[in-house]
Amino acid sequence: MRTPPSRRAAMAVPPPPPNSGGARSRSRAPDRLPGDVIIAALAPHIRFSDHLAHRVVCRSWRRSCRLIGRAPPPFPWLMLPPPASAAASAGPPGAPQRRVFYDIPEGRSYAYPVPASRRYLASRGGWLVLAASDPPRRRLELLNPITGMVVPVPWPFGEDPSTEGFHAVLTASLADPGCILAVATDRLVRYCRPAVRGGWATLRAPGFRYDTACSDFVSVGATVYLMDERRKLWRADLAAAEPKVERRDTAFALPQMLAGESARWRHYLVESLGNVLLVVTDDHHRRVGLYKLNWDMRLWVRTPASVLGDMVLLLGRGCSAAVPTSAAAGRAPGTVLVARQPWRSTVQQMGLNFCGGGGGRGEQPWFWTETRLSAGLEDDQLVVRKTVPQRPGEFTAGDSFWFFPAIDKMDCPPRQDGAA
């Protein structure tokens with residue numbers, strides 16, 4: 001009795017001629033979905049925006065897009081404030097609200113539902129970190145607006161009603177098992193691993209004081225850096241077996257504000273090529289200074305724009321980044337784009353991230369500014385306010401937020417036949 005060929009051997013046999021007929025024509029074809037073949041042929045020629053369109057054709061195309069993959073754009077989208085109509089008729093907390101995400105280099109807009117009445121804390125690898133602080137169901141939420149997936153995370157501060165102001169950071173995409181979500185408030189850092197539903201652990205950061213505009217939080221790998229308004233630093237490696245907080249007194253003096261300017265400088269921490277950078281700017285972003293951290297020397301070193309190489313800086317509370325100029329639609333190295341976040345300019349402004357109204361009588365609201373790194377904080381730079389094509393009254397004059405779009409393996413649906 002003849003032994004049937006193995007599955008591997010059968011798949012290795014070349015396909016029969018079209019008209020050969022007989023048993024040969026009934027040999028099993030490779031186990032591959034039609035969408036895999038189509039998307040594989042298109043992959044070298046499509047952009048991330050095309051990838052988003054293909055994945056909604058059907059379930060098999062969605063799976064094929066995920067399996068073949070498409071790297072997200074290095075330049076993030078800008079999440080714009082909600083439409084004025086949505087702000088005026090906001091539904092119950094958590095109700096879906098249409099938000100526009102603007103791709104600046106491509107000049108294209110995308111719309112996805114995002115829960116209303118949420119505070120936006122951080123963005124990383126396709127995910128937004130949101131705070132749902134309306135009692136009695138206080139919690140954090142990790143949301144991928146593209147896929148609609150939501151991962152709830154318990155409120156990090158228990159039943160303490162006094163803890164409202166805090167920073168947050170994701171150390172990696174949620175698809176990474178080593179992803180850590182960390183939050184920081186007065187004298188306290190808490191962290192967990194949301195991908196494995198881990199509980200919160202606590203670290204003490206003695207002396208740290210939260211400030212909406214002048215403190216910030218950033219990660220370099222699994223190491224987080226925390227800075228207060230005095231420019232003092234706290235650091236902790238959250239991947240260590242027993243994480244500990246280290247402190248450095250890196251405070252230094254800044255030039256006095258001129259008459260008529262805002263009372264304080266604003267601070268942004270940015271990770272670039274494994275380095276921690278500090279960007280100091282006034283509220284109008286006319287004066288911008290760059291500093292690089294030397295942890296061992298306990299110094300913020302004043303740095304020229306050339307240290308960035310071919311990079312552009314994107315600044316925003318909880319969403320700052322450095323991206324290559326090749327992805328920035330012709331912008332020169334050292335260009336600085338700052339998301340407009342008026343509600344983040346005032347201390348202890350919690351609640352919604354937008355305000356009603358437009359940009360003034362006959363004025364379209366603007367959403368980000370563009371300027372250049374100057375030789376120092378004493379030099380004024382030209383600042384250009386930027387907007388997007390819109391109808392009058394379409395958007396409120398509220399907060400914008402950098403969002404880093406991505407689709408990870410958590411978006412891959414199972415095969416229809418049950419295969420992985």
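The values are calculated or read from the model by the stated rules, or taken from the named source; none is laboratory data. Everything numeric here is computed off the predicted structure, so don't read it as measured data. Heads up, the Cβs are rebuilt from the backbone with ideal geometry, glycines too, and the neighbour counts pull from every protein chain shown. Only protein heavy atoms, including side chains, enter the accessible area calculation; ligands, DNA and RNA are left aside. Shrake-Rupley method; radii C 1.70, N 1.55, O 1.52, S 1.80 Å.
Points worth noting:
- Considering only residues in the stretch 153-169 that are open to solvent by less than 20 Å² (accessible area, probe 1.4 Å) and among the small types (G, A, S), the one that is modelled with the highest pLDDT turns out to be A168.
- The stretch 335-356, subset more than 21 Å from the chain's Cα centre (by Cα) and closer than 19 Å to V280 by Cβ, residue modelled with the highest pLDDT: T346
- Candidate set from the stretch 212-242 (those that are of a type outside the set (G, A, S) and out of contact with any strand residue (DSSP E or B) (no Cβ under 8 Å at 6 or more places or on another chain)); member that is nearest to W265 (Cα to Cα): R230
- Number of positions in the stretch 122-152 that are open to solvent by less than 10 Å² (accessible area, probe 1.4 Å) and either among the aliphatic types (A, V, I, L, M) or more than 19 Å from L80 (Cα to Cα) (or both): 10
- With respect to the conditions (1) in a loop (DSSP other than H, G, I, E, B); (2) touching an Asp or Glu at 6+ places or on another chain (Cβ under 8 Å), V153 falls short on a single one, namely (1).
- Of all residues making up the stretch 145-203, the number that are over 23 Å from V114 (Cα atoms) and among the aromatic types (F, W, Y): 3
- Of the residues A172, A205, A201, A111, the single one that is among the hydrophobic types (A, V, I, L, M, F, W, C), over 26 Å from P405 (Cα atoms) and open to solvent by 10 Å² or more (accessible area, probe 1.4 Å) is A201.
- Extreme residue, farthest from the chain's Cα centre (by Cα), among residues of the stretch 116-133 that are in a strand (DSSP E or B) and at pLDDT below 90: A132
- Within the stretch 185-206, being assigned to a strand (DSSP E or B) and under 15 Å from A222 (Cα atoms) holds for V189, R190, Y191, C192, A201, L203.
- Of the candidates A86, A111, the single residue that is at pLDDT 85 or above, among the small types (G, A, S) and out of contact with any Asp or Glu (no Cβ under 9 Å at 6 or more places or on another chain) is A111.
- Looking at the stretch 216-327, the strands (runs of 3 or more DSSP E) lying wholly inside it that each contain 1 or more residues that are farther than 27 Å from D379 by Cα, free of Cβ contacts under 8 Å to residues at least 60 places away in the same chain and open to solvent by 40 Å² or more (accessible area, probe 1.4 Å) sit at 233-237, 245-248.
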